[in-house]
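J.: Structure incoming, see below.
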Amino acid sequence: MSQVVTETMVRVEGVHKSYGVGAAAVHALRGVSFEVPRGELVALKGRSGSGKTTLLNIVGGLDTPDQGRVEVEGRDLARLGESELLRLRRDRVGFVFQSFGLIPILSAAENVGVPLRLRRADPREREKRVELLLSLVGLAGHAAQRPGELSGGQQQRVAIARALANRPALLIADEPTGQLDAETGHAVMELLRAVVHSEQVTALVATHDATLLDLADRVLELRDGEISEH
């Protein structure tokens with residue numbers, strides 16, 4: 001899959017998404033449009049049920065809109081076949097979820113290395129990348145520990161390191177601090193901001209925590225399926 005160089009990482013135009021039919025239909029997104037320039041950390045805020053997760057899933061190629069257009073690095077997602085979407089999600093997009101999503105029986109290092117194993121990366125390169133990422137997220141001394149032996153904040157740091165394993169261009173984080181206390185959540189958001197610069201990643205982060213929004217370059221708000229910029 002050829003890489004298209006563009007200053008706009010994400011372009012969303014007139015995206016609609018509904019669930020159900022008739023009077024019972026839920027209109028999650030109503031003509032949403034925005035752009036995310038390369039290298040920015042953009043926060044997406046809104047109350048629970050405002051459509052944040054739906055929008056992130058559509059931008060990440062995990063879901064499709066009913067109407068509208070979504071581009072990532074200049075690629076129209078609607079024009080990509082399933083295999084091309086799979087490669088996009090594997091190679092160009094990293095995902096961080098509220099639930100961490102770590103594999104309990106694997107160590108922190110092994111969890112971070114999973115995406116590299118799926119790509120059949122050279123073992124020496126894989127070990128070097130994993131070591132670098134664990135150091136980047138402040139967990140160099142916890143490589144051998146399993147998720148159950150780590151705090152919630154440490155588990156989320158492992159999840160962030162894993163999301164960065166394949167050097168994605170776009171990092172999508174859905175309420176990454178939702179299960180963390182305020183202090184730990186703030187530290188995780190500061191870490192996300194740091195990796196945006198150190199790894200030259202663009203990030204779209206959904207959060208409803210107002211105290212974290214000042215760390216973003218821009219803030220977009222979803223309300224009743226529509227978006228506005230703050």
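The values are calculated or read from the model by the stated rules, or taken from the named source; none is laboratory data. Not measured: the values here are computed from a predicted model. Counting neighbours? That spans all protein chains shown, and the Cβs are built from the backbone with ideal geometry, glycine included. Areas reflect the complete protein model, heavy atoms only, side chains present, ligands, DNA and RNA absent. Shrake-Rupley method; radii C 1.70, N 1.55, O 1.52, S 1.80 Å.
J.: Below 13 angstrom from the Cβ of ALA216, what's the summed charge of the other residues (Lys, Arg +1; Asp, Glu -1)?
T.: It works out to a net charge of -4.
J.: Can you find, among ALA203, MET189, GLN179, the residue farthest towards the positive end of the dipole of region 117-211? Put +1 on the C-beta of Lys and Arg, -1 on that of Asp and Glu.
T.: Selected residue: ALA203.
J.: Pull up all non-local amide H partners of LEU41: gap of 5 or more, or a different chain, and H-to-H distance under 5 Å with H placed in the peptide plane.
T.: For LEU41, the qualifying residues are ALA203, ASP217, ARG218.
J.: For region 6-83, which GluC sites (Glu not before Pro) pass both filters: DSSP loop (anything but H, G, I, E, B) and at most 11 other C-beta atoms within 10 Å? Can you show the working numbers first?
T.: Numbers: sites: GLU7, GLU13, GLU35, GLU40, GLU71, GLU73, GLU82; in loops: GLU7, GLU40, GLU73.
When the GluC sites (Glu not before Pro) of region 6-83 are filtered for loop state and at most 11 Cβ neighbours within 10 Å, GLU7 remain.
J.: Just the number, please: carbon plus sulfur as a percent of the accessible area of region 105-230, 1.4 Å probe, no ligands or DNA/RNA counted.
T.: Roughly 46 percent of what the probe reaches on region 105-230 is carbon or sulfur.
J.: Could you tally the net charge around LEU136, taking each other residue with its Cβ under 14 Å from the Cβ of LEU136, Lys/Arg +1 and Asp/Glu -1? Write out the running numbers ahead of the final one.
T.: Working: positive: LYS128, ARG129, ARG157, ARG162, ARG167, ARG193; negative: GLU131, GLU190, GLU199.
Cβ neighbours under 14 Å give a net charge of +3.
J.: Let me ask another. Rolling a 1.4 angstrom probe over the protein heavy atoms, how many square angstrom per residue are accessible across region 67-207?
T.: Value for region 67-207: 47 Å² per residue.
J.: To the nearest 20 Debye, how big is the dipole of region 118-230 about its Cα centre, given +1 on the beta carbon of each Lys and Arg and -1 on that of each Asp and Glu?
T.: Computed about the Cα centre, the dipole is about 840 debye.
J.: Under a point-charge model restricted to the Cβ atoms of Lys and Arg (+1) and Asp and Glu (-1), what is the dipole moment magnitude of the chain relative to its Cα centre, in debye to the nearest 20?
T.: Its charge dipole is roughly 700 debye.
J.: Looking at the calculated P(r) for the chain, what percent of the C-alpha pair distances fall above 29 Å?
T.: Here the tail beyond 29 Å accounts for 26 percent of pairs.
J.: Give the distance, in whole Å, between the Cα centre of region 1-68 and the Cα centre of region 197-230.
T.: Distance between centres, Cα-based: 13 Å.
J.: Relative contact order of the chain, please, whole-number percent, based on alpha carbon pairs below 8 angstrom and at least 6 residues apart.
T.: 29
J.: Using protein chains only and a probe of 1.4 angstrom, how many square angstrom of ARG119 are accessible, to the nearest 10?
T.: Its heavy atoms expose roughly 110 Å² to the probe.
J.: What's the local net charge at VAL15, with K and R +1, D and E -1, over the other residues with C-beta under 14 Å away?
T.: Net local charge, VAL15 excluded: -2.
J.: A further question follows. Can you compute 3J(HN,Hα) from phi for each residue in region 93-101, using the Karplus curve 6.51 cos²θ - 1.76 cosθ + 1.60 with θ = phi - 60°, rounded to whole Hz and x for Gly and Pro?
T.: 10, x, 10, 10, 10, 4, 8, 6, x
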